[in-house]
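The values are calculated or read from the model by the stated rules, or taken from the named source; none is laboratory data. For clarity, every value in this text was computed on a predicted model and none was experimentally measured. Counting neighbours? That spans all protein chains shown, and the Cβs are built from the backbone with ideal geometry, glycine included.
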Amino acid sequence: MPNIDVILGAESDRKRPVRTEPTQRRSTQRLDALLDAAAEIVDETGFERLTTQMVAERAGASIGTVYRYFPDRVAVLHALRERSIRRYRERVADELARVELTNWWDVVDVALEASAASYREEPGFSVVYGAARETAADDIEPEFAHRIARLIEAEFGGEAEPTELRFRLGIAIELGDALISRAFEREASGDERYLAEAKRLVHAYLAEHLGEALRASTAA
């Protein structure tokens with residue numbers, strides 16, 4: 001079984017946009033309810049129109065409750081984005097633990113398919129890429145590419161130079177994410193042509209730049 005902890009990573013020590021860190025179950029449930037409400041609004045109207053008042057009304061909470069956790073709408077979007085990213089990584093890790101990996105392409109495919117599944121099944125997932133600029137959030141591709149690269153290196157070896165592997169995977173993931181995002185902008189269920197093209201182009205790009213170094217890599 002691959003070391004999925006590489007994908008999940010340690011708990012981030014970055015400054016959180018939540019004013020009060022919930023420590024009790026009731027408080028945690030309240031926070032999740034607010035983010036669930038925000039996710040529904042994002043799916044219905046887009047993240048641009050989201051307000052703290054809308055979140056309060058949808059969650060059946062007072063505006064004071066919202067402000068207890070989030071100072072403004074940007075903090076709501078940031079927290080929703082962070083939760084969506086965490087759940088995406090958990091989805092990737094669960095799938096990697098479930099499937100039999102025979103070559104390094106399988107790892108890349110799992111990441112792409114998990115992204116499409118998240119758009120279909122995770123409310124508000126579009127905020128991950130759509131609201132990145134508004135929330136001044138870091139791009140997730142470089143960090144996630146680093147995690148994927150570490151997993152590939154550990155499981156399959158190969159002769160690819162680590163820095164080059166991470167750079168190329170970062171480009172490939174960004175390319176795939178852009179096309180997958182576009183697929184769900186075109187159709188709610190995902191335009192299958194765009195989804196297929198995302199996988200094809202990612203494969204072609206990585207084969208061109210890393211094919212010789214990783215072509216013979218197989219699971220030990």
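Of note:
- Residues being touching a helix residue (DSSP H, G or I) at 6+ places or on another chain (Cβ under 7 Å) and assigned to a helix (DSSP H, G or I) - total across region 176-202: 16
- Scope region 4-58; condition closer than 30 Å to residue 150 by Cα, modelled with pLDDT of 70 or more and touching a helix residue (DSSP H, G or I) at 6+ places or on another chain (Cβ under 6 Å); matching residues: 4, 6, 7, 8
- Any chance residue 97 is buried (at least 19 other Cβ atoms within 10 Å of the Cβ) and either under 30 Å from residue 156 (Cβ atoms) or of a type in the set (Phe, Trp, Tyr) (or both): no
- Region 130-155, subset modelled with pLDDT of 75 or more and in contact with an Asp or Glu (Cβ under 9 Å, 6 or more places away or on another chain), residue surrounded by the most Cβ atoms within 10 Å (Cβ to Cβ): 145
- Residue match in region 156-175 (condition: at pLDDT below 85 and not in a loop (DSSP other than H, G, I, E, B)): yes
- Cβ pairs under 8 Å, 6+ apart, first in region 91-106 and under 15 Å from residue 7 (Cα atoms), second in a helix (DSSP H, G or I) and hydroxyl-bearing (Ser, Thr, Tyr): 91/118
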